[in-house]
Structure formats: C-alpha cells, structure tokens
C-alpha cells in the first residue's frame, strides 16, 4: 500500500509541474505584466522608474528563469503577493478555505443523504414507475444549471417567504454566530448539492442494476435468500464501494460549481476569491488557486484509492 | 424493416427524447425567424417602458432598460446554439482525431495523450474555461474556441475505448487478414461503428457547452452586454430588487436554459437507447 501510494505520488509530480508550466506560460502571454497592472494609467511615474522596478522584481529576466524562480518560491510555500491588495497570496487564500470547506462538505453530506437512498430505490425497483419518476428527476437535476437553482431558491425562500437570508455568511445582529452561519449555509449547499445528488443516484442505480445481474446474486437468490437481504448483504457492499470511490474523485469538481454558487449567494469562499481575482487579473492569486485545485485532485484520487482498499478486502496494492 | 426505420422506431418510443427533439426544432425555427417575429433590435433601450410585467404587447415583459425580454431571449438563443454547435464540432474533430491516434498508434503516443486527458478530466471544467477566458478575453469566438479545445477529452477517451474494443472483434481481424489497407479499414469499418457513440456524446456535450457559456456569461466573463445571452441576462438577478419583484426578467432566460439543456440531455439519452440494441432485447 505504502509503495503504491508512493508510486502514485511520483506520477503526479510531473503532472503538477506540467499544469503549473502551462498556466505560467499562459499568464505570461496575457497582455500586461504585474507592474502595468499596479501603475494607474496617466500617472506621473517616469519610464526609468518603471524600468528600475522591472529589474528589481526580475521581470526583465528570460521566461524560463522567472518560471524557475517562481517554482522555487512556491516549493518553499511562498506564493507571492497579490498585485491588487498587496497581501500575501497564501494569507488571502487560507482565510477563504474554511467557508468553502463548510459549503462543499454540507453539499456532500446532503448529496449522500439523499442520493444514496434514492439511488438504491431506483436501482432495486428498476424499470418500475417509481424508478422512472426518480430517473426523470435525476435528469432534471443535471439539466438545471445550479446558478438558476440558486436564484430560484433565493427568490422563493429568501425573497418571498423570508425563511432564509438573501446572501452572505454572517449576521452581525445575530446572538449566536454559529447558528447564523448555519442558516446562511442552507440554500447555497442545496443549490451546490443538487447536481451532485444526481451523479450519485445515476451511478449507484446503474451499479446496482449491474450487480443484480451477476451470477453470485442468482446463486444467492436460488438458495432462497430474500432479495432484500441479497441487496443489503451482497449487492450494496459492492455498489456502495464503487460509488463512494467515484464520489471522492469527483469531489474537486464541486469547486467549479462553488465559483458560481458563491457568486449567487455572496458566500465569501474561494470561488468568490477566484472570481474577483480573475476580474482584476490578479495573476498570483489565480496561479495559486489553480495549483491548489491540482493538489486537491491528487489528494482526492489518493483518498479514493485508500478508501477502495479499506472497503474491498479483495483489493491489494 | 430497414435499419434506419428500426432506429426511428426505437427513437420514437422514447417519449421524452421526442419531446426534447421537438422543443429543439421549435427553438431553432424561432431563432432563425427572430428578425421577423420581433422588431429585430434586442439591445434597443426604451426608457419609457422599463420594468413592465408580461403583457400582450411584451409577452415576457421588459427589463431595466425597457428592452423586450422575449426578443432578448430569442437572440440569446442564437448565441447559445452557436456556442453549443460550433464548440462541439471542434470537440468532435479534436476528440476523434486524438482518440483514434491514441488507440491506433499506442505506446508512448497513447500514454502521452491519455495523461493529458486525465489532467483535463480531473480539473473543474468551469475553472479552466474561466481562467482561459480571463487571459484571452471573453468574446463569443473565444468562448467557442475555449470550450471546443478544452472539452474534447471525454470524446477522445470514448473513441479510444471504442476503437480498442473494435480491434478485438473477429470482423476486424478478418478484414485485416484480407489485407485491407489501414485508411480503408478506418473509413469503412471503424467510422460507422464510432458514429453512434460520437453522436450521443456530441448531444450531451452540446448541453454542457451551453451550460458553461451561460455560467461564464453569468459571472460576467463571457459575452458582454449589450449583446444578449441567457447567461448575461441572468446576471441582472444579482440586483435584489430585480430578483425579488421583477422575476420575469431573469426567469425567462433561466427557463430557456433549463428547457434547452433538458431537451438535449433527453435527446442524447433517446439516441443512445435507439442505437444500442441491448436495451431492446
């Protein structure tokens, strides 16, 4: 197991390097450099001063040297400074991690709580009326863009019914901050979770249908074991294992949805940070964000492998 | 029954797929006729009629600048459909090319292409498109190119799998044993077999492309106002008073996105069932 994980990590290093190189190249090709972003147009700074600063910051060096320098700093944990707020990038990102973590984890919990039972029912009663209804909703779930779900939720439950706040994460007037945050969390996690529920339902359903047609199920049924017991003791064990693996590897994809959902609900997480950084072309922040997503993908893939080995005794690395 | 009739018969049994196809046909028709049905000026502001609720004159109402929402939804459909169709054509060409190259060349070429595919598939699609559109700018052409050149990996992987499994089939072996040349083999035996899965994938990817464009424009990085797109029309719902008391402004483009994507997904599902004999044993 240890050796396997080590090997996987070794494969991921070049991948991560390739990603960082691509992004660095692309950002380098983008018009303007960090200095031209800082200096306001029409300001009285002379060309010589600008050149002096270019030299000071190493912007006049060749491309590969600058990439090497940047990479060296990143490996030491220094992601540089934002060219808009002038704060350390690492600081800006780390204060946004928790809100996004709350948001994604609660969507994940919601998706598992709803998706697993629905997927089991749909797969167990396959091609029945209830399966068709559930499949229809699952289809609707992936077809309705989550930002539209978010807007409709806001319209119905925040604007019209006033059950939930209209956006943001905290309420300065609230007595209990944790409770206020929880209330603010409900609508965005539903909006972010809906497409994820669909993924779980569809995967679990097809996995159960697949398992139910296997020989071992026929044997178990022939021995007179009730089909519910077969489902519980044999089929679910196999299907849930593979479903949870898929869920783990698709977890980073939630971050894409988070950009949109955090915008709709003005949730101060990493998605909103990425949006504002892209808006102001804050390249150091964008780079750090992309690298972080890369690391997250690797971590989730490793986690999926380990979960798989834990849950399925047949797997040996 | 001939093959085509059997396909049509199977397709027609999928009620939701037929409904999806019908909706898409109507939408295409309306979009083409847009200059005739409406006054043809989706961006014309008219401050004497702002925020009008849906009425006989403006069936979807008017927006904050007094523009007719129905006209804007129809012109937005033009953008969405163009983005969907053209970017999927790019995805198909790149995906089929690299997928067959990967399957046929094998070895290091396969290895290289599949690693690239993995990286693309692991990354949130929306984030790649966002970062790229911030670098090269978010015109309609750029959005199409980005979605086209970033979204090919699923098709590449699909085509590679199809060809690899085709190569194991006896008929393929027989054809090779007859000494049929590689180009002919590809054209006559591989192409017809990968046509069906490609068409299904193209339909589903088209839905995804439209969704991505809507999200990018909604975030404000895609196609810029005053050109109407469903995404940037939804942006106005960011203002609380519009969200709360003028829902027609954002509901109309939102429902248009939902119906279009739902139709494409149902259509893709129906096509998959129609092409796959397994479903009708």
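Read-outs throughout are calculated quantities, based only on the coordinates presented, and are distinct from any laboratory measurement. Because the structure is predicted, anything quoted here is derived from the model rather than measured. All Cβ positions, even for glycine, are placed from backbone atoms using ideal geometry, and neighbour counts span all protein chains on display.
For the range A:203-317, report the convex hull volume of the alpha-carbon atoms normalised per residue, in Å³, without decimals. All intermediate terms of the calculation are to be shown ahead of the outcome.
On the way: hull volume 14.3 nm³, N = 115.
Taking only Cα atoms, the range A:203-317 has a hull volume of 124 Å³ per residue.
For the pair residue B:199 and residue B:164 in one chain, pulling the backbone fully straight at 0.36 nm per residue adds 10.7 nm over the alpha carbon distance. Grab the beta carbon distance between residue B:64 and residue A:113, set R0 = 60 Å, and tell me the FRET efficiency rounded to 0.05. Efficiency computed from Cβ-Cβ geometry: 0.90. Taking all Cα pairs closer than 8 Å and separated by 6 or more residues, the relative contact order of chain B comes to 27 percent.
Could you tell me how many cubic angstrom of Cα convex hull volume the range A:144-209 has per residue?
97
Scaled against the 2.2 N^0.38 Å expected of a compact globular protein of N residues, the Cα radius of gyration of the range A:48-121 reads 1.89. Note on the range A:46-178: Rg/Rh from C-alpha atoms, Kirkwood Rh, equals 1.20. Across the range B:159-267, Cα-Cα pairs more than 17 Å apart make up 66 percent of the total. Calculated mean residue ellipticity at 222 nm for chain A: -24000 deg cm²/dmol, from DSSP H runs with n ≥ 4 weighted as -39500 (n - 2.57), summed, divided by the residue count and rounded to 500.
Inside 10 Å of the C-beta atoms of B:22-29, what's the mean count of C-beta atoms belonging to other chains?
0
Multiplying each eigenvalue of the alpha-carbon gyration tensor of the range B:1-139 by 5 and taking the square root yields semi-axes of 40, 26, 12 Å, largest first, rounded to whole angstroms. The orientation-averaged projected area of the convex hull spanned by the Cα atoms of the range A:111-232 comes to 9.7 nm². Percent of alpha carbon pairs in the protein assembly as shown separated by more than 30 Å? For the protein assembly as shown, the share of Cα pairs beyond 30 Å comes to 60 percent.
Here the peptides A:115-123, A:261-269 are ranked by packing, the mean other Cβ count within 10 Å, and the order with the highest first is A:261-269, A:115-123. With each label modelled as a point 7 angstrom along the Cα→C-beta vector, the residue A:53-residue B:56 pair spans 6.4 nm.
When Rg and the Kirkwood Rh are both derived from Cα coordinates, the Rg/Rh ratio for chain B amounts to 1.06.
Counts of other chain beta carbons within 10 angstrom of each beta carbon in peptide A:145-156 average 6. At 222 nm, what helix-only mean residue ellipticity would chain B give, in deg cm²/dmol to the nearest 500, using -39500 (n - 2.57) for each DSSP H run of four or more? Calculated mean residue ellipticity at 222 nm is -24500 deg cm²/dmol.
Let me know the Kirkwood hydrodynamic radius for the range B:106-152, please, with Cα pairs as the basis and the value in Å to one decimal. Intermediate values should be presented prior to the final figure.
Working: mean 1/r = 0.0863 Å⁻¹.
So the Kirkwood estimate lands at 11.6 Å.
The distance from the alpha carbon centre of the range B:147-214 to that of the range A:167-204 is 41 Å, rounded to a whole number.
Hey, with R₀ at 41 Å, roughly what FRET efficiency would residue A:162 and residue B:224 work out to, going by the Cβ-Cβ distance, to 0.05?
Values: r = 34 Å, r/R0 = 0.84.
Given R0 = 41 Å and the Cβ-Cβ separation, E is 0.75.
I need the Kirkwood Rh of the range B:139-184: take the reciprocal of the average 1/r across all distinct C-alpha pairs and report it in angstrom.
It is 13.2 Å.
Set the Förster distance to 22 Å, then compute FRET efficiency between residue A:13 and residue A:249 from the Cβ-Cβ distance, nearest 0.05. Plugging the Cβ-Cβ distance into 1/(1 + (r/R0)^6) gives 0.70. Evaluate the Debye formula for the range A:90-131 with equal point scatterers sitting on the alpha carbons, no solvent, and hand back log10 of I(q)/I(0) at q = 0.16, 0.30, 0.33 Å⁻¹, in q order, two decimals. So the normalised log intensities are -0.56, -0.90, -0.97.
Across peptide B:207-218, the mean count of Cβ atoms from other chains lying within 10 Å of each residue's own Cβ comes to 3. Projected onto their three principal axes, the Cα atoms of the range A:254-317 cover extents of 51, 25, 12 Å, largest first.
Our estimate of slack between residue A:61 and residue A:87, defined as 0.36 nm per intervening residue step minus the Cα-Cα distance, is 7.0 nm. With both labels modelled 7 Å from their Cα along Cα-to-Cβ, the residue A:46 to residue A:279 distance reads 3.8 nm.
Ordered by packing density, taken as the mean number of other Cβ atoms within 10 Å over each peptide's residues, highest first, how do A:220-227, A:75-82 rank?
Packing order, densest peptide first, comes out as A:75-82, A:220-227.
For chain A, the convex hull drawn through the C-alpha positions has a volume of 189 cubic angstrom per residue. Histogrammed with a bin width of 5 Å, the alpha carbon distances of the range B:28-91 distribute as 4, 19, 23, 21, 14, 9, 6, 3, 1, 0 percent, first bin at zero.
Taking Rh as the Kirkwood radius computed over C-alpha pairs, what is the Stokes-Einstein D of the range B:60-123 at 4 °C in a medium of viscosity 1.567 mPa s, expressed in µm² per second?
87
Considered as an equivalent ellipsoid built on the Cα gyration tensor, the range B:213-281 has semi-axes of 35, 14, 8 Å, the largest given first. Along each principal axis, taking the top coordinate minus the bottom one, the Cα set of the range B:106-194 gives 53, 24, 18 Å in descending order. Taking 0.36 nm per residue of separation and subtracting the Cα-Cα distance, full extension of the segment from residue A:206 to residue A:76 would add 42.3 nm.
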